[in-house]
There are 2 protein chains.
Amino acid sequence: MSILHCIVAAICVETPLMDKKDKMKYIDRIFFPRSIAIIGASEVPGKWGFLLTSNILGGGYEGDVFPVNPKKDKIMGLNAYPSIKDIPGEVDLAIIAIPARLVPDAFRDCVAKGIHAAMVITSGFRETGEEGARLQSVITNIAEQGDMVFVGPNTMGTVSTFHNLISMGVPLSPMPGGLAVISQSGNIGNQMIDWATHKGFGVGFYAGTGNEAMLKTSDLLEYFGSKEEVKALALYIEGLDDGRGFMDAARRITKAKPVIALKAGATSSGSKAAKSHTGSMAGSFEVFSAMFKQAGIVQVDTPSELVNVAGAMSNIPVPRGNRVGIMTLGGGWGVVTADECEKSGLYLPPLSEEIIGDLDKRLPGYWNRTNPIDTVGETDIELQVHILNILAHWDAVDSIIALGMVGREVYLANSIKYHERVSGKKMDPDVVDALMRKYHNVEMRFFTEAARLQSETSKPIIAVSLSGGSTETIVRIKEHGNVLFLSTPEQAVNIIKHMYVYRKYLDGYGIRVSR
Amino acid sequence: MSILHCIVAAICVETPLMDKKDKMKYIDRIFFPRSIAIIGASEVPGKWGFLLTSNILGGGYEGDVFPVNPKKDKIMGLNAYPSIKDIPGEVDLAIIAIPARLVPDAFRDCVAKGIHAAMVITSGFRETGEEGARLQSVITNIAEQGDMVFVGPNTMGTVSTFHNLISMGVPLSPMPGGLAVISQSGNIGNQMIDWATHKGFGVGFYAGTGNEAMLKTSDLLEYFGSKEEVKALALYIEGLDDGRGFMDAARRITKAKPVIALKAGATSSGSKAAKSHTGSMAGSFEVFSAMFKQAGIVQVDTPSELVNVAGAMSNIPVPRGNRVGIMTLGGGWGVVTADECEKSGLYLPPLSEEIIGDLDKRLPGYWNRTNPIDTVGETDIELQVHILNILAHWDAVDSIIALGMVGREVYLANSIKYHERVSGKKMDPDVVDALMRKYHNVEMRFFTEAARLQSETSKPIIAVSLSGGSTETIVRIKEHGNVLFLSTPEQAVNIIKHMYVYRKYLDGYGIRVSR
């Protein structure tokens, strides 16, 4: 370990910094600009300048937008300006999507206009070789001299949903929410936002960091970490050239909210691919793992795990320990879930005499009297809610997994279809409606009780569906908060396992936050 | 290993068998009955006798159905009979859903009627304790003496989609297809069928084996394995009390088609839960792993992996080796996928000079010249198809993963939405239609080429989507067969890894089937 520590120290070299307060103030303009200039705005479908303008306006951004294009008077109904200097009002953020060789002049114009924040979509910089690297130094210099921060170049964009701002080349439609995402790959970033959206996780903030010429992952980590709306952060990292800044920011933030990271390029094949991708110093995987551990960052292996774990942690509380209580509609799930728990270092305490005595009165005589509690197919909602209450109030468990209690809509729909086929006639739509509503109400009763108990006890309660027809994983209960509703038991266990890693870190610092 | 072999031999005790040919003939009546008697058929919603009748009739079964219920003249429009003996015609299969204590008499009636195949849904046998175990012996004896095979008791049913037969308590709607599933847990079995259906995998046959009083997993493995329609088998196993029969059947079948198995109860928690569930001898996990390896069974860890791997193997060819070629729309995915490949024992050969020379002419100067081939965002379909052809015809790779080439419909839909918001008016539906069709045609061109090359070269070609909005994983190309279309790279790698395990087994026997 001490060798690793030395290596960690060695790669954490000091880098020169703009005054931090100013930097954070300027970064804020990237995510909460009152006005935006789009340099290279276009009406030609497919062009980046078209996509960005369309996504910003179509995404519902409410501030002023100034398209800059010397060849047009109007773009998408807005007045266009020949150059940045011609824009009449103040500009908080410049988004740049013009050929690389024109970016230095655009940067000079931005500085002259008093703009302090930019995002450079344009590619053709360091990622293309020496000439591009030189050009990248030029623009970085102009920005540094001109008191301007910028994301990129070669980024696919940023998102700030609380500000209705989709500054992306790709038309995504994330909802506001407690998850912040930072990605050193544009495609992975897009995919993570899209997954999160389909899963029902709100993404409050996103930054694709591109070549990180000026603003690094560490800066965005610091900024997102400081936002109250952010409940958990997800990082996709290929390499870091600001190890110390990253560690400093991470250490501060993880004391208050979870940071989950994927270090890509873990293997020699992956690391070779990473080198040809972002060109950043990949660093040894072991060093990164050691850094993450030191800084309380929860490490995951794949982008989908990153979305699942971080999305979950932005919505539900962290358990106090590794003890899990399970209730299941059928025995098989209990077996599979118990296996996954034990493989993941989670513990299933045996039921207390008191619980056994209580359930002896309610379940068929041959019920299994162990944890996982097999409800042997009983679908009575009052019984299910009762068992859920027992588990939530049982001191011996820190989190709860409920298998198959909810999520049977596909079966009801098929039942109706079959019934219609058997009877040879369509069911009365009012009857179908009433059935669906009744069914929905029963499921919502379970979810509401789960949300209430989760909020009351600060124990995460995760429901797992019987069915595989939906990508949604969040159920929103207005009065009590969100409940996680997954499609496989192993996802539930994987999330609790990672939350427990974070809990152990907090415990090491005696931090008792229950989020 | 030699100790393991001894243990394997020790648990593979000989069990008495009905003449095997008869047994298989009778099992065939469970899956291809010309007529079915439903003992305990009911019109009371929620009752098993109701659900079974409704699912069989509603599922489209075309043979004769004879409801048996002493209190009714008609059930769901069909003539009902007071007892089995009163049924006028011949009965191939008796499905039994009456209280446990009445099952022995029903069995006697079945035998008297000359019925050779039954399925017993009823629970309340061995799973409930000693008294139930005794009752189970009674019915097993009657069946053995009476030359009748039966699935169950305590099963949730069977499925035979090529015969339009859903003999299930739960209304599932699987499509016909090359996957056969055997499950020792009803709930896991239902979930697997439902997942497979939502993923687009056809399930030709399913059996929930219940208590396995007479027909064991090994019998159904033997039967399903013998069906030409079956291309791959998925087994959920908690325990086996017919180890030798199982090994014999498995060894025979795996020479011709893949068998994928999950042994649940791998840990002490899981094994405890399994004991309280099916009560079957769980056996040590290591022993099972050794058995599986010997018999060429591909082992997986979770039910969803079981569905993914077996579903994939029922649709696409097994690669000849572990060498993977990757093409990707963006660098990040390449990195992640390369990592996953190396972790899984797969190898990414470096590109040949010839391929580099060819692509130098087609990709931007700074392209990465390595495998994964990063197309740096180029979405030109002709270029994509060209690279796919290069990889498929390159001798150095055995399988291909195409990342982000297809699956961008969500972005097109959002683009249209944003465009409408920006312009303040709805787009002409004909224009939207034309856009969607054009987009669809471009994607289908890629899928068709993938299917054609897969069929021509016998190399599996797996596409991974950019988006997370769908659960579908199969694209059907009429002329060339099915292509796999997954939502994460790790799923693609995991499938190839397991297919390679099977390939090594086949190689060990010098079997050159290319499926």
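The values are calculated or read from the model by the stated rules, or taken from the named source; none is laboratory data. Since we're looking at a predicted model, the values are computed, not measured. Quick reminder, even Gly has a Cβ in these numbers, built from the backbone with ideal geometry, and neighbours come from all protein chains shown.
When you scan region B:117-131, do you find a residue that is in contact (Cβ under 8 Å) with a residue 60 or more places away in the chain, hydrophobic (A, V, I, L, M, F, W, C), within 13 Å of another protein chain (Cβ to nearest Cβ) and in a loop (DSSP other than H, G, I, E, B), even just one? Scanning region B:117-131 turns up at least one residue that is in contact (Cβ under 8 Å) with a residue 60 or more places away in the chain, hydrophobic (A, V, I, L, M, F, W, C), within 13 Å of another protein chain (Cβ to nearest Cβ) and in a loop (DSSP other than H, G, I, E, B). Annotation note: of B:VAL298, B:VAL376, the sole residue that is closer than 28 Å to B:PHE201 by Cβ and either in contact (Cβ under 8 Å) with a residue 40 or more places away in the chain or surrounded by 16 or more Cβ atoms within 10 Å (Cβ to Cβ) (or both) is B:VAL298. The residues in region A:485-496 that are within 18 Å of B:GLY468 (Cα to Cα) and away from chain B (no Cβ under 14 Å) can be counted, and the count is 1.
Of all residues in region A:276-286, those that are away from chain B (no Cβ under 13 Å) and either at pLDDT 85 or above or surrounded by 18 or more Cβ atoms within 10 Å (Cβ to Cβ) (or both) total 2.
Taken over region A:379-395, the criterion of being farther than 20 Å from A:ASN441 by Cβ and without any contact (Cβ under 8 Å) to a residue 12 or more places away in the chain is satisfied by A:ASP395 alone. Provide a single number: the residues in region B:315-354 that are surrounded by 20 or more Cβ atoms within 10 Å (Cβ to Cβ), more than 31 Å from the chain's Cα centre (by Cα) and more than 8 Å from chain A (Cβ to nearest Cβ). Final tally of qualifying residues: 1. When region B:208-236 is filtered for residues that are part of a strand (DSSP E or B) and either over 22 Å from B:PHE32 (Cβ atoms) or within 14 Å of chain A (Cβ to nearest Cβ) (or both), the ones remaining, listed by number, are B:GLY208, B:ALA234, B:LEU235, B:TYR236. Taking region B:301-314 as the range and being modelled with pLDDT of 95 or more and buried (at least 23 other Cβ atoms within 10 Å of the Cβ) as the test, the residues that pass are B:LEU306, B:VAL307, B:ASN308, B:VAL309, B:ALA310, B:GLY311, B:ALA312, B:MET313, B:SER314. Mind checking whether some residue in region A:109-116 is among the hydrophobic types (A, V, I, L, M, F, W, C), closer than 25 Å to B:ASN368 by Cβ and more than 14 Å from chain B (Cβ to nearest Cβ)? No - not one qualifying residue is present in region A:109-116. Here region A:40-99 is the region considered, the condition is being of a type in the set (Phe, Trp, Tyr) and within 14 Å of chain B (Cβ to nearest Cβ), and the residue that is nearest to the chain's Cα centre (by Cα) is A:TYR61.
In region A:394-428, the qualifying residues are those that are touching a strand residue (DSSP E or B) at 6+ places or on another chain (Cβ under 8 Å) and more than 13 Å from chain B (Cβ to nearest Cβ), and the one that is nearest to A:ARG320 (Cα to Cα) is A:ASP398.
Figure legend. Inter-residue proximity from region A:459-484: first residues more than 14 Å from chain B (Cβ to nearest Cβ) and more than 22 Å from B:MET192 (Cα to Cα), second residues surrounded by fewer than 17 Cβ atoms within 10 Å (Cβ to Cβ) and not aromatic (Phe, Trp, Tyr), beta-carbon distance below 6 Å, spacing 6+ or different chains. Indicated pairs: A:ASN482/A:ARG476. Within region B:267-275, is even one residue outside any helix (DSSP H, G or I), under 20 Å from the mean Cα position of the chain (by Cα) and within 14 Å of another protein chain (Cβ to nearest Cβ)? No, region B:267-275 contains no residue that is outside any helix (DSSP H, G or I), under 20 Å from the mean Cα position of the chain (by Cα) and within 14 Å of another protein chain (Cβ to nearest Cβ). Return a yes/no flag: does region B:260-271 have any residue that is within 30 Å of A:SER276 (Cβ to Cβ), charged (D, E, K, R) and in contact with a helix residue (DSSP H, G or I) (Cβ under 8 Å, 6 or more places away or on another chain). For region B:260-271, residues within 30 Å of A:SER276 (Cβ to Cβ), charged (D, E, K, R) and in contact with a helix residue (DSSP H, G or I) (Cβ under 8 Å, 6 or more places away or on another chain): absent.
Residues of region B:366-382 that are outside any strand (DSSP E or B) and either of a type in the set (S, T, N, Q) or within 7 Å of another protein chain (Cβ to nearest Cβ) (or both): B:TYR366, B:ASN368, B:THR370, B:ASN371, B:PRO372, B:THR375, B:THR379. Determine whether B:SER289 is within 14 Å of chain A (Cβ to nearest Cβ), free of Cβ contacts under 8 Å to residues at least 24 places away in the same chain and surrounded by fewer than 20 Cβ atoms within 10 Å (Cβ to Cβ). So B:SER289 fails the test.
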